Amino acid sequence: MGGIGKTTLASNIYNHESIKNNFSIRAWVCISQDFFSETNLLKNIIRGAKGEYKEDETKAELLSRLSPLLSKRFFIVLDDVWNADLWEDLLRNSFERATASGRIVVTTRHTNVVGSMRGDGNTEADIHHVKKMDNESGWEMLRKRIFGDDVVEEVISDLKEVGVKIIEKCDGLPLAIKTIAGVLSSKEKTNTEWSKVLKGDAWSMNQLDKELPGALFLSYDDLSSDLKQCFLYCSLFPEDCTMDPDDLIRYWVAEGFVKTAEGDDLMEDVAEDYYRELITRNLLQPCDIFGELSDLAGNYCRMHDLLRSLALFFTRDESICIDKEQPRNINPSTKIRRLSIVNIGEKVEVPNIIIQQKCLRTLIMWGNWKSFLFFDSESYWRSDKTTMVENELFKKLRFLRVMDLSKTELESLPDSVGDLLHLRYLDFDRTKIKKLPESIGCLVNLQTLNLSGCELLHTLPKAITKLCNLRCLRLEGTSLTHVPKGVGELKHLNHLQGLVMGHDDRRDDEGCDLKELQSLCQLRFLEINRLERTEPAGAPVLGNSRFLRTLILNCKEQEDDAEATAIQKIDTIYNDLSPQSTHLRRLEINDFFGSRFPSWMMSTSLHVSFPNLTKIRLSDCKSCPQLPPLGLLPQLKSLYIYKANAIKTIRHEFLGPRASLAAASFPKLEKLEFTWMHNWEEWSFGVVEGVGEERRGAPKLLPHLMKLKLSICPKLRALPPLGLLPELKSLHISTAGAINTIGPEFLGPRESSAATSFPNLEELRFEEMSNWEEWSFGMVEGVGEERRGAPKLLPHLMKLELFYCPKLRALPEGLRHATNLQELYIRGADNLKEVNNLPSLKYLVVWVCPMLEHVENLDKLQKIYVTLETSTTDADGQTERLPQWLLELLQNAPTAMQSLKEFKLRCSLPLLKTFLKDGPNWPIIQPIPQVEIHDYDTFSSYIWYTKDPPTFEANIAESEESVD
């Protein structure tokens, strides 16, 4: 049954820490019902196993690659399998010949699929039937979806009776409950309104398609006519494909689904509201770039396959998604207006029957393979075969409004593209196109032109300035020498990305200058490149762009020091930009070589100029000696500073002047990162150590900072009192080679024993601290006042990582009072001798700590992972043995660590052999529930042992031993 939660359950298992820790190879493969391909499936598994293949390899060639790759424990999920013969005819032999063991999880709606897999005596298979939700659980889900944590008992009790009746109609399906929650969230929280939903006629629409729950029909029926069209349009994306909201929004606008905006809003703003409503109604699912679902708003979204089936049901006479390798008959009585083609060949082709209908408005091309393991989401469906489109095709498709060829490797565009007079959306993202024809200037209705990532594109035709209705022009990632003069005439532009200033050949009469921007009043997104090639405008360039939300300013990276005249010029250029938009949310400045940040950034009224600025990135601003007073910005949430090499000190100026202690600096900042700060020596908050008044005012500094990262700051001598930060959850400090000691000042002054240092810190990581020798909390054992105050130190710390801190001699005594510390990772701590007295520790990882002597008093330890890069030998110099601390730890485990569940070891092959059943270390591991030992060099020799049920499996060099 669809929508019951099979994929959600499998995803939770797949992403569980124990699976990640126990299986070296993990792969998730979605089996598309509509576009299933055996070769694509094999490629996805091979990629998951970190293998390689050639795109044109046959099924037999791919199968021959698969078995040798499965040399480490593997965990494979085959999601939504429909074909019962998949295992027997395709996968069984390869997995049975694998040199390592593993697990395969299959989700399917049909029991005969897994039944065929367990019918083989050599294959053990457990079938778990996902049960429907009972009414009480369903009501609890519905209640949380609608009310969250805002529990109003009187309202909820009044609605429960009708709510449970609605749950009954959802038939225990989580997907149906989620979508109905989306409907009810848009209604008044009254019995009357909910009863209308309960009695709605749309529940019975599932008579049209028995496979689809009535709740889905009702959720669709409750949408406005505009939202219905937007929802149905998403069915053009192949099953399980991730969707970029920015693309969806511009598709919808191009198709005319969005009504004219009111006031200062654009149609894109209205479309964005539509998108958010579809997310809120659970008709689209937010996800990350890999398609992993999230309750939070991700950068991408996807459509559940049942909802996609619903959309296909309603669009069956107007829209179609076809596979060119699996032709299907198209009903000649239909009028196909939207076409999506998968597995296109060498040239862009459209079925003749659709051409003859002369109704096509949307054409989207997809490639012939996908992967949910590649970082690049667009590569899921990119075709490396499609390189051309014939001139005659466009002459036959004169009514096209949307044409997306971004998933192809198109090299050229015929002149007939100019015949597509109704075209509003044209996408060549990352194709190999080298040139656009002048005829493109005839596309006077074009709203979106996407050329991003067209690396072979060096010039644009002058006619591009005739696209009078253009709203979005994306040029980032191209090799353009210049952009023709006249961009300023495109008055409707609201998204201009990758605009190149000047000309490579210094022909200023051909390239754009800053004055072009003064007339673009609709801009929401602006990215400018090569600013060093333009001339100062002599007036505020962005003074009219009062609705600007994103501003990205780029110069070319300067390999040598710039001349004084060039520095003076770039200072003036940046000052002239002078954005006036109070709507600005994101600001990036990259490769700026001016002598100081522009005056509009250094202003003490920054909070007035940019009250909504939430994200700032300052990258390679190498000559600016002082940072702007960014602490003034009331909505700033994310700040990234990279390669600010002229910065030596960061003091109170960075926080901004505060009229009183009641004023907060960085009041909303959540994430702060400094990276590659080569000359940064001092960081001060400006609070006076030990002064009570300052201590009481300290929580007003960075009151919401949750994540702080300092990376590659080789001259930074000391850390400020970071323990004062009340909401800090994650702290990462790496490559700070000048730090020798971290002492009590790191915690911050404590005016009484009731004061808490790092009250919410959960993760702490130190990495590559080459000269760090001493870490002290300043608590003297046996002194009553300090002892009583100790438990207030790091009360929520759960994870501590120490990587490559070769001179660190000891962990601080007070760490024992971090009463929630559960995970400790130590690697390359060459001088560390002891790990003791951590009463809550459950998980210990030790990697190459040659001086370690004592590890004890870890009463709750459950897992130990150890890597020994070098071996310890007995007095004879021949027999390899465990280091003494590890030997004692394991020998005492049955009494001292009764919670121990798992031991993992990477070591030399001779030492590994001592754990075989006839070896001296076999008795040591016998009491441990689960043991895994690998050789350090190749990882191919191993021992796997479980106590209950008793199993022992070993692979030593070329010999194998397997005992149950």
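For first residues located in segment 377-397 and under 22 Å from Arg430 (Cβ atoms), partners that are part of a helix (DSSP H, G or I) and modelled with pLDDT of 85 or more and lie 6+ apart or on another chain with Cβ distances below 8 Å form the pairs Leu393/Ser416; Phe394/Ser416; Phe394/Val417; Phe394/Asp419.
Of the residues in segment 390-411, none is in contact with a Ser or Thr (Cβ under 9 Å, 6 or more places away or on another chain) and modelled with pLDDT under 80. Residues in segment 552-567 that are touching a helix residue (DSSP H, G or I) at 6+ places or on another chain (Cβ under 8 Å) and in a strand (DSSP E or B) were compared, and the one that is most open to solvent (accessible area, probe 1.4 Å) is Asn554.
The residue that is farthest from Gly631 (Cα to Cα), counting only those in segment 657-703 that are modelled with pLDDT under 85, touching a strand residue (DSSP E or B) at 6+ places or on another chain (Cβ under 8 Å) and open to solvent by 60 Å² or more (accessible area, probe 1.4 Å), is Lys700.
Selection within segment 86-109: residues that are open to solvent by 30 Å² or more (accessible area, probe 1.4 Å), part of a loop (DSSP other than H, G, I, E, B) and modelled with pLDDT of 75 or more. The member of this set that is nearest to Thr39 (Cα to Cα) is Arg97.
Can you report the number of residues in segment 631-653 which are open to solvent by less than 10 Å² (accessible area, probe 1.4 Å) and either under 22 Å from Ala718 (Cα atoms) or free of Cβ contacts under 8 Å to residues at least 24 places away in the same chain (or both)?
Within segment 631-653, the first condition is being open to solvent by less than 10 Å² (accessible area, probe 1.4 Å), and the residues that meet it are 631, 633, 636, 639, 641, 644, 647, 650.
Adding the requirement that they be either under 22 Å from Ala718 (Cα atoms) or free of Cβ contacts under 8 Å to residues at least 24 places away in the same chain (or both) leaves 631, 639, 641, 644, 647, 650.
Result for segment 631-653: 6.
From the residues in segment 594-628 that are part of a loop (DSSP other than H, G, I, E, B) and in contact with a helix residue (DSSP H, G or I) (Cβ under 6 Å, 6 or more places away or on another chain), which one is most open to solvent (accessible area, probe 1.4 Å)? This residue is Ser595.
Can you tell me how many residues within segment 423-438 are open to solvent by less than 10 Å² (accessible area, probe 1.4 Å) and either of a type in the set (D, E, K, R) or without any contact (Cβ under 8 Å) to a residue 60 or more places away in the chain (or both)?
Final tally of qualifying residues: 7.
Checked across segment 500-508, the condition of being under 28 Å from Leu421 (Cα atoms) and either in a strand (DSSP E or B) or open to solvent by 30 Å² or more (accessible area, probe 1.4 Å) (or both) holds for at least one residue.
Which one of Lys131, Lys50 is in a loop (DSSP other than H, G, I, E, B), open to solvent by 70 Å² or more (accessible area, probe 1.4 Å) and modelled with pLDDT of 80 or more?
Numbers: Lys50 fails: modelled with pLDDT of 80 or more.
Checking each option against the conditions leaves just Lys131.
Given the criterion over 30 Å from Cys521 (Cα atoms), basic (Lys, Arg) and at pLDDT 95 or above, identify the matching residue among Arg361, Arg328, Arg302.
Numbers: Arg328 fails: at pLDDT 95 or above; Arg302 fails: at pLDDT 95 or above.
Being over 30 Å from Cys521 (Cα atoms), basic (Lys, Arg) and at pLDDT 95 or above holds for just one of Arg361, Arg328, Arg302, which is Arg361.
Criterion applied to Asp201, Asp171 was being of a type outside the set (Lys, Arg), at positive phi and either modelled with pLDDT under 90 or open to solvent by less than 20 Å² (accessible area, probe 1.4 Å) (or both), and the one residue passing it is Asp171. Remark: pairs (first residue in segment 60-73, closer than 12 Å to Lys50 by Cβ; second residue open to solvent by 50 Å² or more (accessible area, probe 1.4 Å) and hydroxyl-bearing (Ser, Thr, Tyr); Cβ separation under 7 Å; 6+ apart in sequence or on different chains) = Leu70/Thr99; Ser71/Thr99; Ser71/Ser940; Lys72/Ser24. When restricted to residues that are surrounded by fewer than 21 Cβ atoms within 10 Å (Cβ to Cβ), over 23 Å from Lys434 (Cβ atoms) and polar (S, T, N, Q), segment 466-499 contains 1.
Against the condition in contact with a helix residue (DSSP H, G or I) (Cβ under 7 Å, 6 or more places away or on another chain) and hydroxyl-bearing (Ser, Thr, Tyr), how does Thr39 come out, does it pass? Yes; evaluated as a whole, the condition is true for this residue. Does segment 715-738 hold any residues that are open to solvent by less than 30 Å² (accessible area, probe 1.4 Å) and either hydrophobic (A, V, I, L, M, F, W, C) or in contact with a Leu (Cβ under 6 Å, 6 or more places away or on another chain) (or both), and which are they? Within segment 715-738, Leu716, Leu719, Leu722, Gly723, Leu724, Leu725, Leu728, Leu731, Ile733, Ala736 meet the criteria.
Mind listing whichever residues of segment 212-237 are of a type in the set (Gly, Ala, Ser) and either surrounded by fewer than 24 Cβ atoms within 10 Å (Cβ to Cβ) or under 28 Å from Ile341 (Cβ atoms) (or both)? Even if it seems obvious, please write down each step before you answer.
Restricting attention to segment 212-237, the residues satisfying the condition of being of a type in the set (Gly, Ala, Ser) are 214-215, 219, 224-225, 235.
Passing the criteria: Gly214, Ser224, Ser225, Ser235.
The single residue among Ile528, Ile570, Ile589 that is farther than 19 Å from Leu496 by Cα, open to solvent by less than 50 Å² (accessible area, probe 1.4 Å), free of Cβ contacts under 8 Å to residues at least 60 places away in the same chain and not in a loop (DSSP other than H, G, I, E, B) turns out to be Ile570.
Among the residues of segment 853-873, write down those that are open to solvent by less than 80 Å² (accessible area, probe 1.4 Å), part of a loop (DSSP other than H, G, I, E, B) and farther than 17 Å from Gln891 by Cα.
Here is the first cut: in segment 853-873, the ones open to solvent by less than 80 Å² (accessible area, probe 1.4 Å) are 854-855, 858, 861-868, 871-873.
The next check asks that each one be part of a loop (DSSP other than H, G, I, E, B); those that pass are 858, 861-862, 868, 871.
Leu868, Ser871 - these are the residues of segment 853-873 that are open to solvent by less than 80 Å² (accessible area, probe 1.4 Å), part of a loop (DSSP other than H, G, I, E, B) and farther than 17 Å from Gln891 by Cα.
Consider only pairs whose beta carbons are under 8 Å apart and that are at least six residues apart or on different chains; among these, list those whose first residue lies in segment 540-557 and is in contact (Cβ under 8 Å) with a residue 60 or more places away in the chain and whose second residue is outside any strand (DSSP E or B) and not hydrophobic (A, V, I, L, M, F, W, C). If the second residue must be outside any strand (DSSP E or B) and not hydrophobic (A, V, I, L, M, F, W, C), the pairs left are Phe547/Asp264; Phe547/Gln522; Phe547/Arg524; Phe547/Ser581; Phe547/His583; Glu557/Asp591; Glu557/Asp620. Among the residues of segment 58-74, are any part of a loop (DSSP other than H, G, I, E, B) and of a type in the set (Phe, Trp, Tyr)? Taking every residue of segment 58-74 in turn, none turns out to be part of a loop (DSSP other than H, G, I, E, B) and of a type in the set (Phe, Trp, Tyr). Select from segment 752-770 the residues that are open to solvent by 60 Å² or more (accessible area, probe 1.4 Å) and at pLDDT 95 or above and write down the one among them that is farthest from His704 (Cα to Cα). Across segment 752-770, the extreme among qualifying residues is Glu768.
Evaluate segment 888-901: report whether one residue or more is surrounded by fewer than 16 Cβ atoms within 10 Å (Cβ to Cβ) and among the acidic types (Asp, Glu). No, the conditions are met nowhere in segment 888-901. Criterion applied to Leu473, Leu446, Leu517, Leu496 was being in a loop (DSSP other than H, G, I, E, B) and either within 21 Å of Arg546 (Cβ to Cβ) or not basic (Lys, Arg) (or both), and the one residue passing it is Leu446. If I filter segment 449-465 for residues that are within 26 Å of Glu409 (Cα to Cα), within 26 Å of the chain's Cα centre (by Cα) and open to solvent by 10 Å² or more (accessible area, probe 1.4 Å), do I get at least one hit? Yes, because at least one residue in segment 449-465 is within 26 Å of Glu409 (Cα to Cα), within 26 Å of the chain's Cα centre (by Cα) and open to solvent by 10 Å² or more (accessible area, probe 1.4 Å). Looking at this structure, is Leu584 in contact (Cβ under 8 Å) with a residue 60 or more places away in the chain, under 23 Å from Glu516 (Cα atoms) and of a type in the set (A, V, I, L, M, F, W, C)? Here the answer is no, as Leu584 does not meet what is asked. Taking the criterion of being under 18 Å from Glu763 (Cβ atoms), part of a loop (DSSP other than H, G, I, E, B) and touching a strand residue (DSSP E or B) at 6+ places or on another chain (Cβ under 7 Å), the residues of segment 812-828 that qualify are Pro812, Ala818, Leu821, Gln822.
The values are calculated or read from the model by the stated rules, or taken from the named source; none is laboratory data. Bear in mind the structure is a predicted one, so any value in this text is a computation, not a measurement. Cβ atoms come from the backbone with ideal geometry, glycine included; neighbour counts cover every protein chain shown. What goes into the accessible areas is simple: the full protein's heavy atoms, side chains included, and nothing from ligands, DNA or RNA. Shrake-Rupley method; radii C 1.70, N 1.55, O 1.52, S 1.80 Å.
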